[in-house]
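Chemist: Following this message is one structure expressed as structure tokens.
The values are calculated or read from the model by the stated rules, or taken from the named source; none is laboratory data. Predicted, not measured: the structure shown is a model, and the values here were computed from it. Glycine gets a Cβ as well: all are built from the backbone with ideal geometry, and neighbour counts include every protein chain shown. The area values use the complete protein model at the heavy-atom level, side chains included, leaving out ligands, DNA and RNA. Shrake-Rupley method; radii C 1.70, N 1.55, O 1.52, S 1.80 Å.
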Amino acid sequence: MDRRHGYYGRWGLGAVAAGALVLAGAVFTHADVPPQRLKTGLSCGDCTPTRESIRDPLAPSRTLKLLGKRASKGLEAPMTNDDSWVTARPTTEQRKPTHAVDVPGRNPCEPEDPGDGIFTDWRPAPPVGVILMPKHLQGDSVNVVIHFHGHELARDALVRTHVPVVLLGITRDNGAVYRKELGGPHALDHLLAAAKVALEQKLGNEPRIDHLALTSWSGGYEALSVILEQSDDAPDRVDAIALFDGPHTARTPKTARRQLEPYAEFAKKALAGDRFMFLSHSSIVPPSYASTTEAIHRLLHMLHRRPLRVSGSGPGTLDLIEAFGEGELHERGYSGGGKVDHCAQLNLYPEVLRALEQRWSSSKSG
């Protein structure tokens, strides 16, 4: 069996990535909003260029050049009466594809196989997906990450990171399938039960889950949405969520706010440091629903927060254009409007995993 094809057949990463650009259109009811353009990342009347540079709190080796005024010592721009940035769409320049696909091993949609590292091969975790765990896993407690959509890319990132977590991978055709399968109050229970059965087969006993994170790429955000909305006590049981190039919403403000409300409630806890939340967006602009740029901007606006215009790079060849950070709520925005730029968002996974490892180690030692 080819490891990359998993237990459920060849899932076609290229098709998944391409389909993600039109994934949510049929779900939303839209009202066209006249597009407003960003000049450089975010437009802001009282923002003036600075020469200040700061370290990225998620990657201290990286320097971010500030392009606008900060509201505080963190990664936050001042709020103003001009809210046009909330619905502004990336510029034509920002939407240009930024990743070359003709360099061997550099296509983020088809990365080089990193091998197994410290992890096992995928194992079945019926009926929900497949599971990956450290080879030398032992003890009676584990940290679990459930990843939705593009689980092979998430696996490759995890193997390169060497963070010893258990990864439950789930990929479905589109967001509607996630909503159908994960609706109701017991979905999170079923997911964890599947993970525990697979873990018990290796450990010989049912482990305790110390910490739980839900992560998604692309259309997998629909899974996180429905779990946060409907699963019993999900916001209390989940310590961290991370959305890579997600979510999408309708462009109708009222509908968009309703769709984002579960995330907003979780984000409030992250601002206080009680939970961890990471959001990233590319500069892809779908034809009939809100881009991840617009959706994340609206979410931050619901929290009375605003991202800061910055210039930076990495990981990989990602070009950073904005950032927000307060408490344990982190947002990063990047240029690039091609399919490969969409896949490249999962290059951010290692930084998030390392941040979670540090967070969970600190809480355990405390």
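Okay, residues lined up against (1) closer than 25 Å to residue 137 by Cβ; (2) of a type in the set (A, V, I, L, M, F, W, C):
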site	(1), (2)
189	yes, no
224	no, yes
239	yes, no
259	no, no
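Chemist: Got a sec? Which of 124, 97 is open to solvent by 20 Å² or more (accessible area, probe 1.4 Å) and not in a loop (DSSP other than H, G, I, E, B)?
Modeler: It is 124.
Chemist: So, in segment 322-339, how many residues would count as being open to solvent by 10 Å² or more (accessible area, probe 1.4 Å), of a type outside the set (D, E, K, R) and in contact with a helix residue (DSSP H, G or I) (Cβ under 7 Å, 6 or more places away or on another chain)?
Modeler: Within segment 322-339, residues that are open to solvent by 10 Å² or more (accessible area, probe 1.4 Å), of a type outside the set (D, E, K, R) and in contact with a helix residue (DSSP H, G or I) (Cβ under 7 Å, 6 or more places away or on another chain) number 1.
Chemist: The conditions are (1) open to solvent by 30 Å² or more (accessible area, probe 1.4 Å); (2) at pLDDT 95 or above; (3) under 19 Å from residue 109 (Cα atoms), and residue 284 fails exactly one of them. Which is it?
Modeler: Unmet condition: (1).
Chemist: May I pose another question? Across segment 55-86, which residue is farthest from the chain's Cα centre (by Cα) among those that are among the β-branched types (Val, Ile, Thr) and open to solvent by 30 Å² or more (accessible area, probe 1.4 Å)?
Modeler: For segment 55-86, the residue satisfying everything is 80.
Chemist: Would you mind finding the one in 192, 243, 214 that is at negative phi, assigned to a helix (DSSP H, G or I), open to solvent by less than 60 Å² (accessible area, probe 1.4 Å) and modelled with pLDDT of 95 or more?
Modeler: Working: 243 fails: assigned to a helix (DSSP H, G or I); 214 fails: assigned to a helix (DSSP H, G or I).
Of the residues listed, the single one that is at negative phi, assigned to a helix (DSSP H, G or I), open to solvent by less than 60 Å² (accessible area, probe 1.4 Å) and modelled with pLDDT of 95 or more is 192.
Chemist: Applying the selection to segment 296-315, what residues are open to solvent by 10 Å² or more (accessible area, probe 1.4 Å) and closer than 16 Å to residue 88 by Cα?
Modeler: Passing the criteria: 298, 301, 302, 305, 309.
Chemist: Sticking with this one: How do the pairs read when you match residues in segment 152-174 that are of a type in the set (D, E, K, R) with residues anywhere that are assigned to a loop (DSSP other than H, G, I, E, B), using Cβ under 7 Å and keeping only pairs 6 or more apart or on different chains?
Modeler: If the second residue must be assigned to a loop (DSSP other than H, G, I, E, B), the pairs left are 156/111; 156/114; 160/114.
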